[in-house]
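The values are calculated or read from the model by the stated rules, or taken from the named source; none is laboratory data. Given the structure is predicted, the values throughout are model-derived calculations rather than measurements. Quick reminder, even Gly has a Cβ in these numbers, built from the backbone with ideal geometry, and neighbours come from all protein chains shown.
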Amino acid sequence: MLDINLIRKDFPILKRQVNGKPLVYFDNAATSQTPQQVIDVIVDYYSNYNANIHRGVHALSQEATDKYEAARHTIQNHFNAKKAQEIIFTSGTTHAINLVANGFSKLINQDDELIVSALEHHSNIVPWQMLCEKTGAKLKVIPMTLEGELDMEAYTALLSEKTKLVFVNHISNALGTINPIKTIINQAHNFGAAVLIDGAQACPHIKPDVQALDVDFYVTSAHKICGPTGVGMLYGKEEWLNKMEPYQGGGEMIDQVTFEKTTYAGLPHKFEAGTPNICGGIAFGAALDYMNAIGFDKIATYEKELLDYGTEKLLEIEGLKIYGTSNNKTSVISFNLEGIHPYDVGTLLDKMGIAVRTGHHCAQPIMSFYNIPGTIRASFAFYNTKAEIDALVSGVKKAKMMLS
Ligand SMILES: *Cc1c(COP(=O)(O)O)cnc(C)c1O
């Protein structure tokens, strides 16, 4: 069992008041809060060994390089990658997906097909549309069901010898659905297609094993896993990363530069042009250490309890509809009140100190599917409590009364 009171003490922000009320933070799917252990690592970096990496012979540079590379190993171990050079630091999920999409620009042609799902975040749609525009390849879409699940029969039918890449999220940020990625990967591999899994929404809840999944690319952001913004990672199988074009040119990613010809550095540096977010990378490692010390099994069990409790209590409100009703979902509740705009509910909840997300959640195709402008999304983390859910439920009731 988790000791919630002890855990909450790790998060200074949870002591805050908002609009004179204790903060209830239910926007964890947009970004998670940061524990003191990770804040301390950030302060320590800037206080004691701030320096550029991989360059200086001086002590600070060596220290920063060692800690940054140690963080890469922490990430490698966390995701069970075979090699450290298969972990590329990026500025986040969006950057990682763009890196892969760009990397395939010479590996794809106009006869090829790419498969996306209807449940994606815009960052797992737009970079691929750009790749299709560049190459003439076709983009096919796995449709979704009313429950907010992928139509797996339709997926099977879309696959063919023409399929070169499949990209799907592990967990939908808008609905919380956990997708059957192992099946998706296996079926794609039967046709020789590579698979990228967007794990931004999964990593706060699940510890993925990239070798067991046999996934080709897995991407995530640190800021949803108790780490800072502006840093994330791309895991890629070495053989794919070697085939791909570098994304950006510059310092750090080269082997030899002359005006006639430049040769690139080996992995992972080939994809890490310029000075990276050094402090962020180190803090990303610290965030994973923090989460692992708590334990993902315990986190999952507790969050399921919050999800079930929240679902039950919210559904007691008349006229409230939940979008995303899969049995296989994480602690995200997307809902609307009949006849009321989600934005108005969100604004009133904010007045009560309750932070939720309203809008399309960067997933406009899902909103179009349900024919709604957006939803109110309450997303729970392991540091939330049932008492906070009670506050949300009474807040939604109040908002409903005021708005109807
Ligand atoms: C948050 C999120 C992203 C985008 O992550 P960034 O950190 O903004 O790059 C992509 N996909 C999913 C599923 C997300 O939840």
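Checked against the criterion of being free of Cβ contacts under 8 Å to residues at least 40 places away in the same chain, basic (Lys, Arg) and either surrounded by fewer than 22 Cβ atoms within 10 Å (Cβ to Cβ) or in contact with a Lys or Arg (Cβ under 6 Å, 6 or more places away or on another chain) (or both), the candidates Lys164, Lys134, Lys237, Lys207 yield just one match: Lys134. A single entry from Phe26, Phe79, Phe11, Phe89 fulfils the requirement of being in the same structural domain as Gly199 (by TED's automatic domain parsing), touching a residue at least 60 places away in the same chain (Cβ under 8 Å), of a type outside the set (Asp, Glu) and within 24 Å of Thr330 (Cα to Cα): Phe79. Could you list, in sequence order, the residues of the range 99-110 that are surrounded by 21 or more Cβ atoms within 10 Å (Cβ to Cβ) and within 16 Å of the ligand (Cβ to nearest atom)? Correct list: Leu99, Val100, Ala101. When Val141 is tested against (1) within 14 Å of the ligand (Cβ to nearest atom); (2) surrounded by fewer than 19 Cβ atoms within 10 Å (Cβ to Cβ); (3) under 27 Å from Ser105 (Cα atoms); (4) of a type in the set (A, V, I, L, M, F, W, C), only condition (1) is not met. Every condition in (1) within 16 Å of the ligand (Cβ to nearest atom); (2) in the same structural domain as Thr385 (by TED's automatic domain parsing); (3) among the aliphatic types (A, V, I, L, M) holds for Val18 except the one numbered (1). For the residues Val219, Val195, Val231, the requirement of being within 16 Å of the ligand (Cβ to nearest atom), in contact with a helix residue (DSSP H, G or I) (Cβ under 6 Å, 6 or more places away or on another chain), modelled with pLDDT of 95 or more and farther than 25 Å from Tyr290 by Cα singles out Val195. Close Cβ contacts (under 6 Å, 6 or more residues apart or on different chains) running from residues in the range 183-197 that are touching a residue at least 40 places away in the same chain (Cβ under 8 Å) to residues that are assigned to a helix (DSSP H, G or I) and not small (Gly, Ala, Ser) comprise Leu196/Val100.
Residues considered: Ser105, Ser47, Ser61, Ser117. Of these, the only one that is under 29 Å from Leu158 (Cα atoms) and more than 21 Å from the chain's Cα centre (by Cα) is Ser105.
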